[in-house]
Amino acid sequence: MFVGHAALAFALVAGGARLFGCSRGRALALGAAAGAFATVPDVDILYAPVGILGSSGGLMGAAEGFWSASTLVHRAVTHSLVVGCVAAFAVWCWSRAGGLSADRARSEHAVSVTVLAGLVAVATLVSGALGGFVMGVFALAGLVVTEATMRYGGLAPRALTVAALVGLLSHPFGDFLTGEPPAMLYPFDVTLVAHRVGFTADPTLNLLGAFWVEVATLWLAVSVYCWLTRRSVRRAVHGRAALGFAYAAAVLAVPAPTIDSAHTFVFSVLAVGVVGPAPLASRLPAISNRRSTGVGRNDDGRLAAVVTGLAAVTLASIAYAVGYLVT
């Protein structure tokens, strides 16, 4: 999931920046930028809706068609350490233009666009028109994120480039547990990792293990965010999270999932996270540890909704695992 990639990059950069002496606000801005860049490689999933067009069988049939189509180009072009480094260089060139004269700014923009166009050309030669299209969307998304972080994050080119590097280069490593390993050294025909990492021979428990790694990453990001904003994670969790235990009954309705057929489990267990948390946004008391943070009631409510939903999903997955082992 791209959310997990963003969470990991945010936690690494925001937490690291604070430990190295950055202010809380700057650490948050750097983490947000890294998290945004970490989502960019997953633009290749834009091809997946094609699978819905020819699907049948209602909602689950559409989900299965989406899942199948997503594997055609997913992780094959954009999930590369080589591509990530080249793209980060383009980000540096583009961001440098912000403090230069008009002529020099145009020159830096031209260099950035030329570098990205080179990526698209290489992808087209190596992977055909579809690969070139995906790389083009990747390049465009990278520039959009760069512009957004420059405008709203107030980050210097060097800091922005570091955030881009961490976001783009950390993304492929988060995919070792699910699906086929990404093409880490694309466009070079070199296989860095041939097989996904597994926890156990039981395919369902293996899926649950990968899911819990993802959930743990989200909890890490939440903890770093709360640390930087002087909030309490514990006070943000509402008792409604216990509704997640009811998902244990899904063992009787959801066929034992595996990583290759995870869509039914993933979509259903994530749905548990929206049961209950949303109404909290307007009526929870403040959960900041200090009044000086400038956190408002609405912000506290949104955080409570997110953390309670995450807690519900965590409990739901544990309840399903217990039910699976018992039945």
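The values are calculated or read from the model by the stated rules, or taken from the named source; none is laboratory data. Bear in mind that the values here come from a model prediction, so they are computed numbers and not experimental data. Quick reminder, even Gly has a Cβ in these numbers, built from the backbone with ideal geometry, and neighbours come from all protein chains shown. In case anyone asks, the SASA skips ligands and DNA or RNA and just uses the protein heavy atoms, side chains included. Shrake-Rupley method; radii C 1.70, N 1.55, O 1.52, S 1.80 Å.
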#### Entry: Residue count for segment 175-208, restricted to those that are surrounded by fewer than 18 Cβ atoms within 10 Å (Cβ to Cβ) and either basic (Lys, Arg) or not in a loop (DSSP other than H, G, I, E, B) (or both)
3
### Query
If you check 142, 174, 167, 154, which single one turns out to be touching a residue at least 24 places away in the same chain (Cβ under 8 Å) and at positive phi?
154
### Message
Between a residue in segment 186-201 that is free of Cβ contacts under 8 Å to residues at least 60 places away in the same chain and any residue that is in a loop (DSSP other than H, G, I, E, B) and open to solvent by 60 Å² or more (accessible area, probe 1.4 Å), which pairs come within a Cβ distance under 9 Å, given they are 6 or more apart or on different chains?
### Response
195/180
### Query
Of 265, 211, which residue is open to solvent by less than 40 Å² (accessible area, probe 1.4 Å), outside any loop (DSSP other than H, G, I, E, B), free of Cβ contacts under 8 Å to residues at least 60 places away in the same chain and aromatic (Phe, Trp, Tyr)?
265
#### Entry: Only one of 56, 23 that is polar (S, T, N, Q), at pLDDT below 55 and surrounded by fewer than 22 Cβ atoms within 10 Å (Cβ to Cβ)
56
